[in-house]
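In what follows, a single structure is set out as structure tokens and then discussed.
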Amino acid sequence: MSAITLVRQFGEVLLAIAIAPLFAGWIAQCRAWMQNRSAPPLIQPYRMLRKLFHKDAALVDGASPLFRTTPYVLFGTMVLAAAIIPSIATDLPFARVADAIALIGLFATARVFLSLAAMDAGTAFGTMGARREMMIGFLAEPALLMVLFNAFLLSGSTALPSLVEASSAHPFLILDPSLTFAAVAFLMVLLAENARIPIDNPATHLELTMIHEAMLLEYSARHLALVEWASSLKLFNYACIGFALFVPWGIATHGADTLPELLLAVVALAGKLALAGGALALIESLSAKLRIFRAPEYLATAFLLAVLGLLVHLLLGGGASA
């Protein structure tokens, strides 16, 4: 393992950590513009994080060490996920562990810790949010797995870098009709897993509609800053997974990861994030929040679309095996 490879790996991780809040701020700006409101500054998420890190933390009486440890676990799992998702290049040291099962396991670990910490606080809102979060996760993970398996059938590998390299070598793979169903299902899962409309509203504090926010009410200062930063990283990670699966153009592959190609990959990532942020803002502006008991129907539809994509792939006999 060369020093240059390590520099590329840490550079990609630091870039993800740095621009994840910017991505969230861009979505908030686009939503405000589309709703004819005054848009917040693009750097508003950074201002919020800075403000929270300079405050004194208030801890819940009687809470176990799990409550204080969870923000660090959440942030660490999202950073590790960013390290194994090929957002800039595929030739990275952590690429060998960039397996679909490991990636979903990281997201599940973060969800379990956050739910346990919410129940550990002993509040009614926290427990309610934890139950709802686990229900969403229980329904979203199978749909995400089906989406990933649909894409991995085309490359013959469950590693994201292998899929990106196969798509670069055989561009026709990303035109497979089954990926259309998988892309729609992935978008639905992305909205549900990241507490976005129509499943949840990250800006609401109404007790009857809260899911993600209900679990954060007892956090403050640096703990809340880490949780919010981890949420931004999770949204960024999901966007990069979508890019690797359906829009792999611009990602530097093995053998084409010199400095000019890496700079071009950074520019391509910025462009894709800008377009993805605008698309997410448009979807949220045109959608209404679903009632909580409609969430299972929504995620069941995502699962069926992913399965339909698999059936289309098998019936057409398309794709290539690695």
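The values are calculated or read from the model by the stated rules, or taken from the named source; none is laboratory data. Computed from a predicted model, the values in this text were never measured in an experiment. Heads up, the Cβs are rebuilt from the backbone with ideal geometry, glycines too, and the neighbour counts pull from every protein chain shown. Side chains are part of the model used for accessible areas, which takes the heavy atoms of the whole protein and leaves out ligands, DNA and RNA. Shrake-Rupley method; radii C 1.70, N 1.55, O 1.52, S 1.80 Å.
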Q: Could you give me the residue pairs with C-beta distances under 7 Å whose first residue belongs to segment 129-153 and is under 19 Å from ASN201 (Cα atoms), whose second residue is of a type in the set (Ser, Thr, Tyr) wherever it lies, and which are 6+ apart or on separate chains?
A: ALA130/SER115; GLU133/SER115; MET134/SER115
Q. Restricting the first residue to segment 10-33 and requiring it to be among the aliphatic types (A, V, I, L, M), which pairs with a second residue that is open to solvent by less than 40 Å² (accessible area, probe 1.4 Å) and not in a helix (DSSP H, G or I) meet a Cβ separation below 8 Å and a spacing of at least six or different chains?
A. LEU15/SER87; LEU15/ILE88; ALA16/SER87; ALA28/ALA39; ALA32/ALA39
**Q.** Residue that is modelled with the lowest pLDDT, among those in segment 176-225 that are of a type in the set (D, E, K, R) and over 19 Å from CYS240 (Cβ atoms)
**A.** GLU207
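Which of the residues that make up segment 130-170 are small (Gly, Ala, Ser) and at pLDDT 85 or above?
Those that are small (Gly, Ala, Ser) and at pLDDT 85 or above: ALA130, GLY137, ALA140, ALA143.
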Q.
Tell me the residue from ALA108, ALA124 that is within 26 Å of VAL164 (Cα to Cα) and open to solvent by 20 Å² or more (accessible area, probe 1.4 Å), please.
A. ALA108
Q. Does segment 238-249 include one or more residues that are touching a strand residue (DSSP E or B) at 6+ places or on another chain (Cβ under 8 Å) and within 28 Å of ALA102 (Cα to Cα)?
A. no
Q: Considering each of ALA281, ALA270, ALA274, ALA288 in turn, give the residue that is farther than 25 Å from ASP99 by Cβ and not in a helix (DSSP H, G or I).
A: ALA288
Q. Here are some residues: ALA89, ALA108, ALA82, ALA58. Which one is in contact with a strand residue (DSSP E or B) (Cβ under 8 Å, 6 or more places away or on another chain) and of a type in the set (A, V, I, L, M)?
A. ALA89
Q) What helices (runs of 4 or more DSSP H), lying completely within segment 1-91, carry at least 1 residues that are at pLDDT below 85? A) 3-34
(Q) Here is a list: PHE303, PHE243. Which entry is open to solvent by 50 Å² or more (accessible area, probe 1.4 Å), aromatic (Phe, Trp, Tyr), under 30 Å from PRO202 (Cα atoms) and modelled with pLDDT of 85 or more? (A) PHE303
